[in-house]
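Heads up: the structure comes next, in structure tokens.
The values are calculated or read from the model by the stated rules, or taken from the named source; none is laboratory data. Computed from a predicted model, the values in this text were never measured in an experiment. Here the Cβ positions follow ideal geometry from the backbone for every residue, glycine too, while neighbour counts run over all protein chains shown.
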Amino acid sequence: MSKEFTDHRFHLTRRHFLGKLSLGLGSAALGSLLIPGLFSKSETTTSSLGLPHFAPKAKRIIFLHQNGAPSQLESFDYKPLLNKMAGQDLPASVRMGQRLTGMTAGQSKFPLVGSYFKFNQYGKSGAWVSELFPNIAKVADEICFIKSMHTEAINHDPALTFIQTGAQQGNRPSMGSWLSYGLGSENKNLPAFCVLLSRGRGNGQGVYSKLWNNGFLDSVHQGVQLSSSEERVLYLKDPEGRDRADRRNMLDKLAELNDLNYKEFGDPEVQARVQQYEMAYRMQTAVPELTDLTKEPDSTVKMYGSDCLVPGTYAANCLLARKLSEAGVRFIQLYHQGWDQHGNLVGEMPLQAQDTDRATAALIMDLKQRGLLDETLVIWGTEFGRTNFCQGDLSKENYGRDHHPRSFTMWMAGGGVKAGTTYGETDEFGYNILRDPVHVNDFHATVLHLMGLNHEQLTYKHLGRYYRLTDVAGKVIPGLIA
Amino acid sequence: MKRLIDISKSITLFLLSLTTFLFAFTDRIVLPVWLQVAGKLHPLILHLPIGIIVLILILVLLRSQFESEQFKKLITYSLLITTLTSAITVFFGLLLSLDGEYGFDALQRHKVSGLIIGWLSYISLIFYQSSFKQKALKYGIISVLFVLLIFVGHTGAELTHGENFVFSPLQVSEPTLNPENASVYQLAVMPILEKKCFTCHNESKTKGKLLMTVADKFKKGGESGLAFITGNPDSSRMIQYIHLPFTDDNHMPPAGKTQLTEFEISLLEAWIKSGADFTKKLGEFSLPDTFVTLANQAIKSKLQPEKVEYNFESVSAATIKNLNTPFRTIFPIYAKSPALEVNFFVSDYFKIEALKELTEINKQIVTVNLSKMPITDEDLKVFSSFENLEVLNLNFTKLTGPGIANLKSCKNLKSVSLAGTKITSESLLPLLTLPSLNSVYIWNTNITDMQKTDLEKKYPKINFLLTQFKDENMVAISRPNLINEGILQKEDKIELKHNMPGVTIRYTIDGTQPDSVTGLIYQQPIAIDESVKLKAIACKSGWYCSPLFESSVYLAGVKPEQVKLLKPTHKKYPGTGAISLIDGVKGYIEEFKSPDWLGFIDTSFEASFDFGKNATALNKVVVSYGDYMNQGIFPPTELQIWGNKQGNFKLLATQKIAAPKAYNPLNVSFITASWEKSNYSTYKVIVKPNGKLPQWHGAKGQKGWFFVDEVLFY
């Protein structure tokens, strides 16, 4: 904010200036002591915001967040030892007293349990994928699996907030906001950061708008949540009896009024609001073109699964994400709820996989056939992993798994990542990381790097210090980058 | 003047003697801190004697230009200053050498020769002051001084800047190592150390007594201990020093020197972690090993340096700004790059002039995205002057093919996207001889699989991408959608929609199942005269029919004047009280905690609806309930409707529903009852929850919930 106050001080008429600073130069000198930055270059002119620091590998991101933490042990991290040792207690030497959630801390035993679902190797890369994800398996050679993610929080809200904003507390800008701030929008007729929600059929966990908040950044960088209804962006239609010219006229007059207000108070939110009105006006043309699903070829509908025509489904969100990304939206954040399998994992996980597998793979293939996969980074991720031992009753047919922040799997495809590889490894119990850990901060640093940004230089001064998405940690993982 | 000369001479003699003495007993000296500062001034002071000795040499060569008396004076004074400054330099130099950061041999050469210069200049001063007439000797001594000076200067420079500092640019850089014979250390690690560490940690300059150029010495470490601990980068001193903040004196490489990149740090860490091996070759590591992965990357990147720099000039920021519109964005590919990327958006606003205007910056443009813009073959002529164009996106434009020949002059073109256009295989041919072209995207064009295979054979360097998606199985189409959910008013009609063109929707409202041949075909919105249970499917040739879409559609009824709950709701689900039963707002059972719903479990639902004095004749009631069996929310078992005319309630009708036999999908449904039409003033509705959940349910035997959101009268 201090910059805005400084700016505001310059918005004075000569009369005001002479009146208020009647001590002339002496006051100015004093002013320079009080506002150290007054005579130095302002931050925005020195750092080249709105452009990458170096040649980017990816221009846009689609982050498919699987909300609730799908089990890595039933999806991509194959641990046959757990099947062999099913029912036996987790050795204390593996857990080493690491903390548990309140949900399992009271359990007297921690019986190991292996995947109910079969695993196979796919593609030239020989990636292990469970039978729940037959379509993702088909595009395994486009994917870089990270088996060694780890995080700090053990419960959904802080962990989700951490992977989305780089901090657990929930007052920092979201990853999409940082990218919007750092790179600006490619297409000025759409927001740079869009959010799409869908709900699966499993045990759900909420998502909250703080996850796509702009924090201390300018509010134009906030994520824009699109509706799950037929009308993806509400109130874009001109009201009956009013045409586009009327609206233009109204906006021009309104902008004049807002400008008066801005000159008086210098509140940057006023300008942000004017910009939002203008964007909304352009969105009236840009959005209907985008959200019209009827023009997709039948083959595309079949590829995503025909649920992609039903607004609000994960498949529809994947298709829309492709369309938004194609139209230059920097960051599209999907959340798919229902992955929190504390119990009835065998019952719920197949339903969740069914809802997401086909569309996820289709998104990758669709981007590829349009020549866009090279410049679009697709991230499939979650907030943490699940335990290798059973929560609650263990039977041959069913079990549950608790939260596990010490290791989990995420993957990326497209945009400059090493396709067809697996990075990092967990031990044979699937509990601790054996090799090449990737902390959430490291992951953020790497993603920013792929987008042409140095995570240490993308900063914003707030409350007297410079903030980063990676705050004071994180390093780029070269092993993920092609 | 003579006095001044004498004092200077004495100081010089004293300093030279002291230095010589100290030189002989270097080992015994402990240097006080303030003298260390003097030592640091050595590199500054030394320029004085150098400059003056060169000056003296020039004076000697030009001696014929001076009168002999004057000349003698000039030389004497010059030599005096030389001797004094040399003595100070030599003394300071000795102090500096005590820092102990230099290799012994090179330092010794420098020290000895420096001392000799000091003494020699003193001797020559004596020479020139005396009446000694041997001219050859006089001038000879100056020449010797000069030659010595070059030697001392050079040994000194080597200490500061590293060996072979002067000629290094002329040397052939890095003799190429054969990856098959060289160790991974030599290939990937040493080049980093060479650039960032060896300049200060070599044989001649060994800061911190750490010698890194020789493997054995490197392993032994320096004066503060081991440089690295095999297998443990985090405890290794060199890695710790690298990660220290710049302000820390121990930060390596020191502030001001070229720093290590993130990649280099990771590589060094991985090297130490994997065992800090100096001799193993690529094949000899047991895989997987992060170090080998990173090393491979380093070696590869060295072999093929990535070319991202462009050698054309950048255009001014103002030009770029002027050309930017909301529908045509232009920006450098990164902050300092001259290369530009252009994107067009919103086809409704596209004009061909917007493309032609780019000719102004045609040299700088490397990427153009025209996806979905109404571009024709003719329009591609613009690109004939875009010599640096690398990526062109023409997806879903109006191209048919012939225009592609215009791209022939884009010699740097790497990738062309033509998906969704009408281009043919033949029209691609002029493009395919471009030297850099590596990707052509031809999905959803007239090009067939066979033609693609042919092209791939003829142009093996180019990747033709049609599609990865192959699925011969027929799959089901998605359900149709009900647009106007909630409660319909009298004149409203049911509207169904499906987002796929060419779909047939079949429906029933009488409770029967529609299929691909039965049921009514939806052609226009459906008029209804009562609440109905709608069932619909969508069908299209080439697809299986959709799963069944079911929804209860409610018709607005006659609104009572008052409503009262005769038994309270469960305390957790009070809704907004009785009024929410007649407020015309439907609930979603997924959100059964919302105020739209009233929940009952221990008691039956009993409410009275008062139509006042002027009640119209009615004959039907609809009670809308939620069905969410996972949560124990069940359909009720029985509905009773009581009517009151003159103070007495009379049972008008009873309706029972059989208990469900399996889980229903989440839905909102209704139970209805009708009676002989009459104008009762008050009605009492009683609904009994399912008192005992069935055997197949997880909570079998327990009580079921009943959730109600609306009660409608007709």
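Do we have any residue at all in the range B:262-275 that's more than 29 Å from the chain's Cα centre (by Cα) and hydrophobic (A, V, I, L, M, F, W, C)? No: zero hits.
Of all residues in the range B:544-579, exactly one satisfies the criterion of being under 25 Å from B:LYS613 (Cβ atoms) and among the polar types (S, T, N, Q), namely B:GLN562. Please go through the range B:374-413 and pick out each residue that is buried (at least 16 other Cβ atoms within 10 Å of the Cβ), within 14 Å of chain A (Cβ to nearest Cβ) and at negative phi. Those that are buried (at least 16 other Cβ atoms within 10 Å of the Cβ), within 14 Å of chain A (Cβ to nearest Cβ) and at negative phi: B:GLU390, B:VAL391, B:LEU392, B:ASN393, B:LEU394, B:ASN395, B:THR397, B:LEU413. Criterion applied to B:GLN523, B:GLN513 was being part of a loop (DSSP other than H, G, I, E, B), away from every other protein chain (no Cβ under 14 Å) and out of contact with any strand residue (DSSP E or B) (no Cβ under 8 Å at 6 or more places or on another chain), and the one residue passing it is B:GLN523.
Taken together, the residues in the range B:283-298 that are more than 25 Å from A:HIS449 (Cα to Cα) and touching a residue at least 12 places away in the same chain (Cβ under 8 Å) amount to 1. A Cβ distance below 6 Å, combined with a sequence gap of six or more or placement on separate chains, defines the contacts here; from the range B:551-567, residues that are under 14 Å from B:ILE528 (Cα atoms) reach residues that are of a type in the set (Ser, Thr, Tyr) in the pairs B:SER552/B:SER669; B:TYR554/B:SER531; B:LEU555/B:SER531; B:GLY557/B:TYR714. Given the structure, is B:ILE142 modelled with pLDDT of 80 or more, more than 60 Å from the chain's Cα centre (by Cα) and either within 29 Å of B:LYS281 (Cβ to Cβ) or not in a loop (DSSP other than H, G, I, E, B) (or both)? Here the answer is yes, as B:ILE142 does meet what is asked.
Condition check ((1) part of a helix (DSSP H, G or I); (2) more than 7 Å from every other protein chain (Cβ to nearest Cβ); (3) crowded, with 24+ Cβ neighbours inside 10 Å; (4) touching a residue at least 12 places away in the same chain (Cβ under 8 Å)) across all residues:
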residue: A:GLU296; (1), (2), (3), (4): no, yes, no, yes
residue: A:LYS302; (1), (2), (3), (4): yes, no, no, no
residue: A:GLY312; (1), (2), (3), (4): no, yes, no, yes
residue: A:LEU320; (1), (2), (3), (4): yes, yes, no, yes
residue: A:SER325; (1), (2), (3), (4): yes, yes, yes, yes
residue: A:VAL329; (1), (2), (3), (4): no, yes, yes, yes
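Applying the condition of being part of a strand (DSSP E or B) and within 10 Å of another protein chain (Cβ to nearest Cβ) to the range B:530-548 and asking which residue is surrounded by the fewest Cβ atoms within 10 Å (Cβ to Cβ) yields B:TYR544.
Given the condition modelled with pLDDT of 90 or more, within 60 Å of the chain's Cα centre (by Cα), among the charged types (D, E, K, R) and surrounded by 17 or more Cβ atoms within 10 Å (Cβ to Cβ), answer yes or no: does some residue in the range B:626-637 qualify? Yes, the range B:626-637 has at least one match. Among the residues of the range B:483-510, what is the count of those that are of a type in the set (Phe, Trp, Tyr) and within 13 Å of another protein chain (Cβ to nearest Cβ)? Total satisfying the criteria: 0.
Test B:PRO595 against the criterion of being out of contact with any Gly (no Cβ under 6 Å at 6 or more places or on another chain) and of a type outside the set (A, V, I, L, M, F, W, C), and give yes or no. Against the criterion (out of contact with any Gly (no Cβ under 6 Å at 6 or more places or on another chain) and of a type outside the set (A, V, I, L, M, F, W, C)), B:PRO595 does not qualify.
Listed here are the residues, each with its yes/no results for (1) among the hydrophobic types (A, V, I, L, M, F, W, C); (2) surrounded by 24 or more Cβ atoms within 10 Å (Cβ to Cβ).
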{"position": "A:ILE143", "(1), (2)": "yes, yes"}
{"position": "A:PHE162", "(1), (2)": "yes, no"}
{"position": "A:GLN169", "(1), (2)": "no, no"}
{"position": "A:LEU179", "(1), (2)": "yes, yes"}
{"position": "A:LEU183", "(1), (2)": "yes, yes"}
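Mind listing just one residue for me: the one in the range B:145-168 that is among the β-branched types (Val, Ile, Thr) and within 43 Å of the chain's Cα centre (by Cα) and, of those, surrounded by the most Cβ atoms within 10 Å (Cβ to Cβ)? Selected residue: B:THR160.
Exactly one residue out of B:LEU370, B:LEU340 is free of Cβ contacts under 8 Å to residues at least 40 places away in the same chain, crowded, with 20+ Cβ neighbours inside 10 Å and touching a helix residue (DSSP H, G or I) at 6+ places or on another chain (Cβ under 7 Å), and it is B:LEU340.
Being in the same structural domain as B:VAL152 (by TED's automatic domain parsing), more than 25 Å from B:HIS161 (Cα to Cα) and touching a residue at least 12 places away in the same chain (Cβ under 8 Å) holds for only one residue in B:ILE7, B:ILE11, and it is B:ILE11. Looking across the range B:343-366, the residues that are at the interface with chain A (Cβ under 9 Å from one of its Cβ atoms) and crowded, with 20+ Cβ neighbours inside 10 Å come down to B:ASN343, B:PHE345, B:VAL346. Give the residue that is farthest from A:PHE384 (Cα to Cα), with candidates limited to residues of the range A:152-170 that are of a type in the set (S, T, N, Q) and not in a helix (DSSP H, G or I). Out of the qualifying residues, it is A:GLN169.
Restricting attention to the range B:61-81, the residues that are hydrophobic (A, V, I, L, M, F, W, C), in a helix (DSSP H, G or I) and over 26 Å from B:ILE11 (Cα atoms) add up to 1.
Of the strands (runs of 3 or more DSSP E) entirely within the range A:355-471, those holding at least 1 residues that are surrounded by fewer than 19 Cβ atoms within 10 Å (Cβ to Cβ) and within 14 Å of chain B (Cβ to nearest Cβ) occupy A:421-423, A:433-435.
Checked against the criteria, A:HIS221 counts as surrounded by 24 or more Cβ atoms within 10 Å (Cβ to Cβ) and in contact with a strand residue (DSSP E or B) (Cβ under 8 Å, 6 or more places away or on another chain). Among residues of the range B:268-282 that are of a type in the set (Val, Ile, Thr), those with a Cβ under 6 angstrom from a residue that is surrounded by 16 or more Cβ atoms within 10 Å (Cβ to Cβ), sequence gap 6+ or separate chain, pair up as B:ILE272/B:PHE228; B:ILE272/B:PRO233; B:ILE272/B:SER236; B:THR279/B:SER183. Criterion applied to A:TYR466, A:TYR431 was being over 24 Å from A:GLN341 (Cβ atoms) and in the same structural domain as A:LEU179 (by TED's automatic domain parsing), and the one residue passing it is A:TYR466. Annotation note: Cβ proximity below 9 Å between a residue of the range B:310-337 that is within 10 Å of chain A (Cβ to nearest Cβ) and a residue that is among the β-branched types (Val, Ile, Thr) and not in a strand (DSSP E or B) (sequence gap 6+ or interchain) occurs for B:PRO326/B:VAL346; B:PHE327/B:VAL346; B:PHE331/B:ILE320; B:PRO332/B:ILE320; B:ILE333/B:VAL308; B:TYR334/B:VAL308; B:SER337/B:VAL308. For the range B:443-482, the set of residues classified as part of a helix (DSSP H, G or I) and either β-branched (Val, Ile, Thr) or facing chain A (nearest Cβ under 9 Å) (or both) consists of B:THR453 only. Being touching a Pro at 6+ places or on another chain (Cβ under 6 Å), facing chain B (nearest Cβ under 8 Å) and either in contact (Cβ under 8 Å) with a residue 24 or more places away in the chain or hydrophobic (A, V, I, L, M, F, W, C) (or both): is that true of A:ARG282 here? Yes; evaluated as a whole, the condition is true for this residue.
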